[in-house]
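Read through the structure below, which is laid out as structure tokens, and then see the notes.
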Amino acid sequence: MNLRPLVFAVLLLLAACSKVTQENFAKIQDGMTEQEVAAILGAPSETSSSSLLGISGTSSTWTGGDAVITIRFVNSKVALKSFDKPAKQK
């Protein structure tokens, strides 16, 4: 029995179920913790952190489908957020 078509179909379905949506972006509120955001969006695609004078900051990016969500955390709480849907190339 060849399982390749089934495995491919499952992977394709999972890729189509991106959590990076306008609806999930709207659920993210200022002051939420990184864990609360991860519960909505899953693990970020990219993260970078820095600390200055006792204030820690993290910038996390989630990429899925044709959208990108970027959230900046200050002391592990949401401070800024953005939702971008790049224009399609013609």
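The values are calculated or read from the model by the stated rules, or taken from the named source; none is laboratory data. This structure is a prediction, so every number in the text was calculated from the model and none was measured. No Cβ is skipped: glycine too gets one built from the backbone with ideal geometry, and neighbour counts run over all protein chains shown.
Would you check if Lys81 is basic (Lys, Arg) and at pLDDT below 95?
no
With respect to Phe25, determine if the residue is modelled with pLDDT of 95 or more, surrounded by 10 or more Cβ atoms within 10 Å (Cβ to Cβ) and in contact with a Phe, Trp or Tyr (Cβ under 7 Å, 6 or more places away or on another chain). Break it down into steps so the answer makes sense when it comes.
On the way: modelled with pLDDT of 95 or more: yes; surrounded by 10 or more Cβ atoms within 10 Å (Cβ to Cβ): yes; in contact with a Phe, Trp or Tyr (Cβ under 7 Å, 6 or more places away or on another chain): yes.
In short, yes.
If a residue has to be among the charged types (D, E, K, R), in contact (Cβ under 8 Å) with a residue 24 or more places away in the chain and touching a Pro at 6+ places or on another chain (Cβ under 9 Å) to count, how many in segment 49-90 make the cut?
Going through segment 49-90 one residue at a time, the tally reaches 0.
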